[in-house]
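Comments concern the structure below.
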Amino acid sequence: MRQAVIICVHVLLSAAFAAISGLAAHNILMSSLSTARAEMLQTYIRVRADREQTLFDEARVLTEAAEAAFLRRHELLVADEILDEFDALFPDFGDGTRRSHPDLFDGRVMPGADHVYGIGAFLGDGVAMTPEEQRRYMAGFHVVRAFGEAHLGEFSSLYYFTPDRRVVIFAPDRQDRLAFYRYEAPADFNLQADEDPRLFSEDTNPDNAMQCTQLSRFVYSDGGERSATACRKPIRVNGELMGAFGTSIDMTEHLASSLEAPPAGGVNLVFDRDGNVIARGQTLQQARAIGINPVEIMSLLRDDPRPRGVVGSSGSEFLVAFSRIAGPEWYFVSVSHLAGIKETATRWGWRLGYFIFVISVVITSIRGLLRRSHLVRAFLEPQTPKPPARRYVPVTTPDPDGGAEPARQPPGPEPQPPTAT
């Protein structure tokens, strides 16, 4: 019975030691693998986000350069000298508006052997334009045709517009040939989008910075399969709004390419400024099937002031790498699931715990067997020396008959010689 109790105690101690070791190994491995995954995501999001940001940085450079060129041309133009040219380029359409001359899109030779093409214009209430307004639109026209052609390989369009329903566009590759603005738009057509008041207001855009609209369908596309964003920069001189330059960017293929090659065990997503998912690497049903909740992810991003970084989900199920894209104020997000890391850490934790348990039990068993062996125990136990044999010396005792009979007495201590005093 006592031996069985000892065996049970040894087994329980071995199991406890193995469990503690396995749990410690699991936690250490989980922490190490999560840190490695976070470092990988930091590198990944930096490279991918820089690529996403480059497109809007180029749009910002274009609109800022167009603004500077506009201001230079506006100073050089004289209102009285451009009236005839303005009437020739933007004739009265007969409904109170002015539209661009057909040759401005098909191709027109300007004075000085200059060639103009790909231009469409819609000027609401054009017949009522003042000489100063005509002067501004002529400056915008020259900037749009020059800068638009120079950057045609980078951007498909460049336009100058004002909130009073007037626009001049360079877009030679448009499939509709800008027919809507040149011919089809009604006289009361409102160019302003829902986001234009935010763009032009000094309260919401005091720095006159370039801002981009939310994704929207092309005006000439009925299917709505392609999406675009418009990036616009307002121009102010001494507080007076002079208009804005903008470019429309087709985001369909760009967003599709941004979702390619997600991190291991994860998915790429793009959120707009309002937290809506505008692109994802898989369907919403697939994302929810593995536990990705866009609302939870967006709540994490809004609470983080950094321009980019890596955060963990509340349940530590995911690592979320994000980068803010200036201009449209979008979020490029890579979500990496930690299920694979957890499985690896758990598997190796169990293996280590099982190995330690088996080793501990084996060592305990061997030790018990060795202690039960008489030969080994005799070899291991220390040998105690035997005490020396006692010597007996004969002692004579007087015999009543006058003889002496020896008697055996146990030896005592040997007498010591007297010491001198």
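Just a few scattered comments:
- Search result, residues across the range 160-198 that are modelled with pLDDT of 90 or more and loosely packed, with under 15 Cβ neighbours inside 10 Å: 173, 179, 183, 184, 186, 187, 188, 189
- Within the range 86-102, the residues that satisfy the criterion of being open to solvent by less than 60 Å² (accessible area, probe 1.4 Å) and not small (Gly, Ala, Ser) are 86, 89, 90, 91, 97, 98, 99, 101, 102.
- In the range 199-241, residue farthest from residue 65 (Cα to Cα) [restricted to those that are modelled with pLDDT of 85 or more, out of contact with any Cys (no Cβ under 9 Å at 6 or more places or on another chain) and surrounded by 13 or more Cβ atoms within 10 Å (Cβ to Cβ)]: 205
- Flag for residue 146 being closer than 21 Å to residue 240 by Cα, under 49 Å from the mean Cα position of the chain (by Cα) and in contact (Cβ under 8 Å) with a residue 12 or more places away in the chain: no
- Checked against the criterion of being open to solvent by less than 20 Å² (accessible area, probe 1.4 Å) and either in a helix (DSSP H, G or I) or at pLDDT 85 or above (or both), the candidates 38, 69, 65 yield just one match: 69.
The values are calculated or read from the model by the stated rules, or taken from the named source; none is laboratory data. Remember, predicted model here, so these are calculated numbers, not experimental data. With ideal geometry, Cβ positions are generated from the backbone for all residues, glycine too; neighbour counts draw on all protein chains shown. Keep in mind that these areas ignore ligands, DNA and RNA; they rest on the heavy atoms of the full protein, side chains included. Shrake-Rupley method; radii C 1.70, N 1.55, O 1.52, S 1.80 Å.
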